[in-house]
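Working notes, beginning with the structure itself.
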Amino acid sequence: MFKKLRFKLAMHNGVILILFMLLFLTVIYLFMSKSLFMRVDRTLQNTAYWVEDLKQLPPQRFNRRDEETDKSLFKVKGIDRDRTPFEINVILRDDKLNITATNVDDKEILLKMRKYARAAVGGESPSITNLEIPEGKVRVLSEFLNSKGQAGVVQVFVSIDREIAFLSGLITVLVGLGIFSIIILVTISWVLAGKALIPIKTSWQQQKDFIADASHELRTPLTVMQTSLEIVLGNREQTIGENYKWLQNIETETKLMSQLTNDLLLLAKVDAQQIQIEKKFVDLSEIIQKVIGEFEQLFQNKNIAMIKKVQNNVSLLGDEFGLKRLIYILIDNAIKYTPPLGQVSLQLEADSGNVYITVTDTGIGISEQDKEHIFERFYRVDKARSRETSSGTGLGLSIANWIVSEHNGKIKVNSEMGKGSCFTVILPDNGSN
Ligand code: ADP
């Protein structure tokens, strides 16, 4: 799928770049050809300018060695100084198109030029055309002259073989340059498309893993529920009391599924950036007391001692629901992973600028290797045991981590296998204490 996408992206970028390059090369060619022919046209126009008498050829004494004559001869600037006088051909005709003076002796050429002379008769401005003659290509200016009682046509033409040769050389260079640039541009587009796809690939893989993990997590409670239901349905004659164990199983799994779907929904919203944390000044001491209150019964049931050291009136700029959830996850985990007769302590303190929440337990502990992964989604140290003892989903700490980062804080863990764990959350209080 990504290969196809990369190919499409590279093609798309490549075509745009190639079009730009072709446009650029075309502009270069057109510019060069225009400026070359402008030089030729100036030569033709300047020569025609000097025709005063239709019986007399214009003075053609200019050449590079005779700068003085050259300057006095041409009033219009920009004459093509490289062209020698012998290359400029002039035909002067009367109003009946009979030749009155010329420096051209080739009859065939004179005949060919007559057609253009006829077209120029009566015209206001000179016409300029390219023409093919046996000697090569020429550019012809034909101008109707009507002054000092004389009417006729002035024709001036020069060979443009040199210009054509230069332009065809230019085309070869530009085509070569074009092919070389296309190879380079296609390679660059391919590399860039590959780079552009890296973040998309990563998020696609994450999404894929997320869906796979979520469906796996949902399948387990569903299987337990289905099996329990089948057993209950198979014991029609038995009372509810007799099937209590199976019904309790169903209840536990329903709770787990509901928590799991809530967590999944939350994470999906986080990924889609649909969740906005609403921050206001909240009393963290009060929030912690409330959450501890909710766990009191559980502490008693599991025979775990609860030690709290909560500084009063610690407030911060944060989201009340999120902070409650964070503390809930940390205490819940501490109870889940601490055996009976153990101890969980919760501490809240503030110094200038920061708030510290510490949840310490005397539970099973987390290995160095697992510490690096416990904040990842669906990561559970011992999947089988975690489900058995705790109805864990592996999403708690990743949600806790998200809440902490939304508050611009940090969460870290210290733990020793078999001795216990200590989770510390540091949150900036944003000047509220
Ligand atoms: P779960 O729902 O499985 O508890 P969490 O994301 O909250 O998911 O935790 C991830 C894993 O980190 C847990 O499965 C557990 O193995 C480990 N863990 C978390 N807190 C503790 C703790 N206090 N003591 C020991 N292990 C812990």
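The values are calculated or read from the model by the stated rules, or taken from the named source; none is laboratory data. Bear in mind that the values here come from a model prediction, so they are computed numbers and not experimental data. Here Cβ is always computed from backbone atoms with ideal geometry, including for glycine, and neighbour counts include all displayed protein chains.
Each row is one residue, and each column tells you yes or no for (1) out of contact with any helix residue (DSSP H, G or I) (no Cβ under 9 Å at 6 or more places or on another chain); (2) of a type in the set (S, T, N, Q).
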position: Asp271; (1), (2): no, no
position: Gln274; (1), (2): no, yes
position: Glu278; (1), (2): no, no
position: Gln289; (1), (2): yes, yes
position: Phe295; (1), (2): no, no
position: Asn303; (1), (2): yes, yes
position: Asn313; (1), (2): no, yes
position: Leu323; (1), (2): no, no
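Determine whether Leu348 is more than 41 Å from the chain's Cα centre (by Cα) and either more than 9 Å from the ligand (Cβ to nearest atom) or more than 30 Å from Pro221 (Cα to Cα) (or both).
yes
Per the listing Leu5, Leu44, Leu36, Leu54, the residue uniquely touching a residue at least 40 places away in the same chain (Cβ under 8 Å) and over 30 Å from Leu92 (Cα atoms) is Leu5. Every test in (1) crowded, with 16+ Cβ neighbours inside 10 Å; (2) without any contact (Cβ under 8 Å) to a residue 60 or more places away in the chain; (3) under 45 Å from the mean Cα position of the chain (by Cα) is passed by Val310 save one, and that test is (3). Can you confirm whether the range 335-352 contains a residue that is in a helix (DSSP H, G or I) and touching a helix residue (DSSP H, G or I) at 6+ places or on another chain (Cβ under 8 Å)? Scanning the range 335-352, I find at least one residue that is in a helix (DSSP H, G or I) and touching a helix residue (DSSP H, G or I) at 6+ places or on another chain (Cβ under 8 Å), so the answer is yes.
Candidates in the range 351-372 are the residues that are near the ligand (Cβ under 8 Å from one of its atoms) and of a type outside the set (Gly, Ala, Ser); of these, the one that is surrounded by the most Cβ atoms within 10 Å (Cβ to Cβ) is Asp361.
Within the set Val27, Val40, the sole residue that is surrounded by 16 or more Cβ atoms within 10 Å (Cβ to Cβ) and out of contact with any Phe, Trp or Tyr (no Cβ under 8 Å at 6 or more places or on another chain) turns out to be Val40. On the basis of being away from the ligand (no atom under 16 Å from the Cβ), out of contact with any Phe, Trp or Tyr (no Cβ under 8 Å at 6 or more places or on another chain) and either free of Cβ contacts under 8 Å to residues at least 12 places away in the same chain or under 24 Å from Tyr379 (Cα atoms) (or both), does Glu253 make the cut? Answer is no for this residue. Cβ-Cβ distances below 8 Å connect the following pairs, each with a first residue in the range 391-413 that is in a strand (DSSP E or B), a second residue that is within 8 Å of the ligand (Cβ to nearest atom) and of a type outside the set (D, E, K, R), and a separation of six or more residues or different chains: Ile411/Phe375; Ile411/Ala400; Ile411/Phe423; Lys412/Phe423; Val413/Ile366; Val413/Ile374; Val413/Ser421; Val413/Phe423. So which residues in the range 313-322 are closer than 15 Å to Asn354 by Cα and surrounded by 20 or more Cβ atoms within 10 Å (Cβ to Cβ)? Matches in the range 313-322: Val314, Leu316, Gly318.
Checking each residue in the range 271-306 for being closer than 13 Å to Ile335 by Cβ and β-branched (Val, Ile, Thr) picks out Val291, Ile292, Ile304. Take the range 87-104 and flag every residue that is of a type in the set (S, T, N, Q) and outside any strand (DSSP E or B). Answer for the range 87-104, where residues must be of a type in the set (S, T, N, Q) and outside any strand (DSSP E or B): Asn98, Asn103.
Is one or more of the residues making up the range 390-412 among the charged types (D, E, K, R) and at pLDDT 95 or above?
Checking the range 390-412: at least one residue is among the charged types (D, E, K, R) and at pLDDT 95 or above.
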